Amino acid sequence: MSIQRIIYCSSAKGLDQEDIEAILESSERNNSANSVTGMLLFNAGCFMQLLEGSRDKVTSTFCRIANDPRHSGVELLSCKAVNSRLFGEWNMSYVSLTGDVGSLLRKYQSSGDFQPSELTDAAAESFCQECANLK
Ligand code: FAD
């Protein structure tokens, strides 16, 4: 069975650590029940998330996320069928991009600012993989 992989980005204002923890708690609970895996990045008021799993479960998960009032401006960056998962071991790995990530970002965006909506689909996927290596 092929795996559906999607990457989207969104904006969030005024979220604190408690809000992030609540998002991660429901993500881990729901994603493990649905065999959905992936990673969530947060930096400078922007989320970028990669989700992988069966097409029906990834679709229903994304629909719930897109309707969540805790963020806005949800934009799909990539959507494709693949043969295997990149993040099979994590129901939702969280990476908060803090500290000096400018050099990593500059490989993808000349400004060194986190602006995921400007990434191509291939760059978004590669950036997720590099961020996972920071953990
Ligand atoms: P519960 O987690 O039990 O929550 C009950 C209801 O309250 C839900 O409708 C929820 O949306 C709402 N809610 C809870 N806290 C708040 C709050 N502080 N403000 C507004 N509404 C609130 N869900 C996943 O299943 N998998 C994911 O990978 C995932 N990633 C996410 C990434 C981001 C950036 C965001 C913003 C949300 C993400 N979520 C994810 C959460 C998702 O949007 C839904 O909230 C969640 O799936 C609903 O789970 P639940 O039905 O078990 O409800």
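For the stretch 7-23, taking the residues that are part of a helix (DSSP H, G or I), in contact (Cβ under 8 Å) with a residue 40 or more places away in the chain and within 8 Å of the ligand (Cβ to nearest atom), the one that is surrounded by the fewest Cβ atoms within 10 Å (Cβ to Cβ) is identified as Asp19. Within the stretch 48-58, one or more residues are at positive phi and either in contact with a Ser or Thr (Cβ under 7 Å, 6 or more places away or on another chain) or within 12 Å of the ligand (Cβ to nearest atom) (or both).
Set side by side, the residues Ser117, Ser54 differ, and just one is of a type in the set (Gly, Ala, Ser), out of contact with any helix residue (DSSP H, G or I) (no Cβ under 6 Å at 6 or more places or on another chain), more than 18 Å from Ser10 (Cα to Cα) and surrounded by fewer than 20 Cβ atoms within 10 Å (Cβ to Cβ), which is Ser54.
Regarding the stretch 76-89, can at least one residue be identified that is among the charged types (D, E, K, R), at pLDDT below 90 and exposed (fewer than 15 other Cβ atoms within 10 Å of the Cβ)? Among the residues of the stretch 76-89, at least one is among the charged types (D, E, K, R), at pLDDT below 90 and exposed (fewer than 15 other Cβ atoms within 10 Å of the Cβ), which makes the answer yes. Inclusion of Arg70 among residues that are part of a loop (DSSP other than H, G, I, E, B), basic (Lys, Arg) and within 12 Å of the ligand (Cβ to nearest atom) is warranted.
Considering the conditions (1) modelled with pLDDT of 95 or more; (2) surrounded by fewer than 15 Cβ atoms within 10 Å (Cβ to Cβ); (3) more than 15 Å from the ligand (Cβ to nearest atom); (4) not hydroxyl-bearing (Ser, Thr, Tyr), Gly102 is excluded by exactly one of them, (1).
The values are calculated or read from the model by the stated rules, or taken from the named source; none is laboratory data. Predicted, not measured: the structure shown is a model, and the values here were computed from it. No Cβ is skipped: glycine too gets one built from the backbone with ideal geometry, and neighbour counts run over all protein chains shown.
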